[in-house]
Amino acid sequence: MRTFKAVRKLRTGSPDRSFSAMELEVQIASQAGVGVIRCRGRVIYGQEASELIRTVRQLLETSKQIVLQLAEVTQIDSGGIGALGEAFIAAHNQQAEIKLAALSPRVAEVLRITGLGQLFDRHNSETEAVEAFVRPSRAEAVL
C-alpha cells in the first residue's frame with residue numbers, strides 16, 4: 001500500500017507569503033486484485049484535482065478495475081467534478097472501470113446535482129465495490 005500525503009508545499013505568489021499545502025491525501029491499495037484509491041480532504045480545482053487524475057492514470061497502468069473511495073472527501077468543486085469526469089474517460093479509453101465507494105454526503109449531493117454520478121457504479125462501502133468486481137455477474141453465472 002502506498003500513501004501520498006498532502007504535505008507538498010507550493011509557493012502562493014510573492015516571496016514573503018506563506019506556503020500553502022495541497023489539501024488532498026491519496027492512498028493507493030489493492031484488494032483481491034482491484035486497485036483502490038482512498039481520498040481524504042478536498043478535491044478542488046488546482047493541485048488537488050491534478051493529483052487525483054495523476055493517481056488514477058498511474059493506477060490504470062497496472063489495473064483495469066479501480067475503486068475510488070471518497071468517504072473522507074470534505075469538499076468537491078467544479079475542478080474535482082472535472083477530475084472525476086477525466087478519470088471516467090481515461091478508464092473508458094483503456095477498457096477499464098472505476099467504481100465509486102462510500103461517498104460522503106457532500107460528494108453524493110454534488111454528483112446528483114451534476115448528473116456525473118450516473119456514469120459510475122456507486123457502492124455504500126469500499127468492500128462492496130471490490131466485491132462487485134470480484135463476484136461474477138448474473139449473466140456470467142448463467143453461462
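The values are calculated or read from the model by the stated rules, or taken from the named source; none is laboratory data. Owing to the predicted nature of the structure, the values given are computational and were not obtained by experimental measurement. Neighbour counts are summed over all protein chains in view; Cβ atoms, including those assigned to glycine, are modelled from backbone coordinates with ideal geometry.
Data for the structure
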{"quantity": "Top-ranked residue of region 90-110 - restricted to ones that are within 27 Å of residue 61 (Cβ to Cβ) and over 13 Å from the mean Cα position of the chain (by Cα), ranked as surrounded by the fewest Cβ atoms within 10 Å (Cβ to Cβ)", "calculated": "95"}
{"quantity": "Residue list for region 69-82, restricted to those being in contact with a helix residue (DSSP H, G or I) (Cβ under 7 Å, 6 or more places away or on another chain) and aliphatic (A, V, I, L, M)", "calculated": "70, 73, 76, 81"}
{"quantity": "Residue list for region 27-51, filter: under 16 Å from residue 98 (Cα atoms) and among the aliphatic types (A, V, I, L, M)", "calculated": "28, 29, 32, 34, 36, 37"}
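Listed here are the residues, each with its yes/no results for (1) of a type in the set (Ser, Thr, Tyr); (2) surrounded by 15 or more Cβ atoms within 10 Å (Cβ to Cβ); (3) modelled with pLDDT under 80.
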residue: 16; (1), (2), (3): no, no, yes
residue: 19; (1), (2), (3): no, no, yes
residue: 29; (1), (2), (3): no, yes, no
residue: 33; (1), (2), (3): no, no, no
residue: 41; (1), (2), (3): no, yes, no
residue: 53; (1), (2), (3): no, yes, no
